[in-house]
Amino acid sequence: MTNWDVLIVGAGQAGCAAAWDLAAAGLKVAVISRPRSRAKPCAGGVTEKALARYRFSIAPVVREAVTSLAVSHSSSPVRHLSSATPFCVMTERAELDAFCREKAEQQGAVFHETAGLRLIEQGSSWVRVKTREGDSFSASWLIAADGANSAVARMLGERHLPGAMAIEGCVPREKVSDYPPMTLDFGVIRGGYGWLFPKGDHVNVGLYVWRHGVAAPERAALQRYCRVRLGTEAEHVAGYPLGTWLPKARLVNGCVLFAGDAAGCTEVLLGEGIYGAVLSGQLAAQAVLGERPEVSYPRALAGWREELQHVSRLGQLFYGLLPVSTRMLQGRLGATLVNGFAQGLTLGQCKRQWRGAQSLKVGLP
């Protein structure tokens, strides 16, 4: 058995963000994760606010920079919203994760691949992880960044909360006659939207549902949408849950801190998860580097928790008012969001900016 300062389970965006900071601070960090050959389904859009949180440039894995967004609903024509500067960049998630892992390894984090966890044990000041291969790791703290279906949370008896759902695939560019801009199609599935994300050599296509159980983003529905929008069917189709339960989540269990989708850090309106993952991973690392992480980490993440509470209410209102809300998104609201994202603002900050502009417009205090 090897002793470490910190264990991290999961090598996605939250896990790698935490690993980079902790290793850069000189701690002995072990990251336990699934094999790299295992694909991570994710639309891969990285907003400007997320880009600003990275400790390094991710330019080597950026496929496209996005300055235009097409928004549509079956009851209204397509509206194109543009910004003077990029508000988002497109990445392929497997490439992004591999790049961030490489950066964390360069700082000194050590990665261990496993087919799965067999046991988690805790004491008052230690935590131990045993893998299916029989390897054993112990440390003072563990950061669980192993996704919405967190094995760590399950093994510790944490209550599973319902989140959002998505399904996606890709279409090679040579099979697409009309290469699309970044597109959000509302109304193609109840309680959600369809998306087209251009990525150079292919188009990522998917369906998102803001709350589990509202509708089923199934393979057949995705293929119908793909045939209508791109004239062909998607390849490499995969469905996955998204953790959107941070407002209700317990962030600490003994010597374990939850981050990323395991903590429910994805915003529910559009399903953006990379910003919340990087943010929570960095804040978990910061807490471990300080005193009483079990107290300081929830406090540090309180601002994002409050933001997601507001966004959750906004999501319920937005999807409940379709198609009226789509027409609002195609107007000043959408323009404010696109320009706000280009400035690196969060969704909540964009909303407050829009409400301020509307108040000035009608002369409200």
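The values are calculated or read from the model by the stated rules, or taken from the named source; none is laboratory data. Just so it is clear, the model here is predicted, and its values are computed rather than measured. Here Cβ is always computed from backbone atoms with ideal geometry, including for glycine, and neighbour counts include all displayed protein chains. Quick note on the areas: whole protein, heavy atoms, side chains included, nothing else; ligands and nucleic acids left out. Shrake-Rupley method; radii C 1.70, N 1.55, O 1.52, S 1.80 Å.
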>> Test of understanding: among Leu69, Leu96, Leu81, which residue is modelled with pLDDT of 90 or more and over 19 Å from Asn204 (Cα atoms)?
In response: Leu81
> Pick from Val288, Val214: which is modelled with pLDDT under 95 and open to solvent by 10 Å² or more (accessible area, probe 1.4 Å)?
Replying inline: Val214
> If you scan the range 106-141, which residues turn out to be outside any loop (DSSP other than H, G, I, E, B) and open to solvent by 50 Å² or more (accessible area, probe 1.4 Å)?
Replying inline: Gln106, Gln107, Val110, His112, Glu113, Arg118, Leu119, Glu121, Gln122, Arg128, Lys130
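Residue-by-condition table, conditions (1) touching a residue at least 40 places away in the same chain (Cβ under 8 Å); (2) in a loop (DSSP other than H, G, I, E, B); (3) of a type in the set (S, T, N, Q); (4) touching a Leu at 6+ places or on another chain (Cβ under 8 Å):
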position: Ile143; (1), (2), (3), (4): yes, no, no, yes
position: Gly147; (1), (2), (3), (4): yes, yes, no, no
position: Gly157; (1), (2), (3), (4): no, yes, no, no
position: Leu161; (1), (2), (3), (4): yes, yes, no, no
position: Met165; (1), (2), (3), (4): yes, no, no, yes
position: Gly169; (1), (2), (3), (4): yes, no, no, yes
position: Asp185; (1), (2), (3), (4): yes, no, no, yes
position: Arg190; (1), (2), (3), (4): no, yes, no, no
position: Gly194; (1), (2), (3), (4): no, no, no, yes
> Which condition number in (1) of a type outside the set (Gly, Ala, Ser); (2) out of contact with any Leu (no Cβ under 7 Å at 6 or more places or on another chain); (3) open to solvent by less than 10 Å² (accessible area, probe 1.4 Å); (4) modelled with pLDDT of 95 or more is the one that Thr326 fails?
Replying inline: (4)
> Can you find even one residue in the range 245-252 that is basic (Lys, Arg) and touching a residue at least 12 places away in the same chain (Cβ under 8 Å)?
Replying inline: yes
> Could you count how many residues in the range 240-251 are surrounded by fewer than 17 Cβ atoms within 10 Å (Cβ to Cβ) and farther than 15 Å from Glu307 by Cα?
Replying inline: 1
> In the range 267-277, is there at least one residue being closer than 24 Å to Trp195 by Cβ, buried (at least 23 other Cβ atoms within 10 Å of the Cβ) and of a type in the set (Asp, Glu)?
Replying inline: yes
> Checking Glu307 against (1) modelled with pLDDT of 90 or more; (2) of a type in the set (D, E, K, R); (3) open to solvent by 30 Å² or more (accessible area, probe 1.4 Å); (4) within 24 Å of the chain's Cα centre (by Cα), which test does it fail?
Replying inline: (3)
>> Can you find a residue that is under 16 Å from Trp195 (Cα atoms), modelled with pLDDT under 95 and of a type in the set (Gly, Ala, Ser) anywhere in the range 21-42?
In response: no
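Table: residues versus (1) touching a Gly at 6+ places or on another chain (Cβ under 8 Å); (2) in a helix (DSSP H, G or I).
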{"site": "Val237", "(1), (2)": "yes, no"}
{"site": "Glu272", "(1), (2)": "yes, no"}
{"site": "Tyr275", "(1), (2)": "no, yes"}
{"site": "Glu291", "(1), (2)": "no, no"}
{"site": "Glu307", "(1), (2)": "yes, yes"}
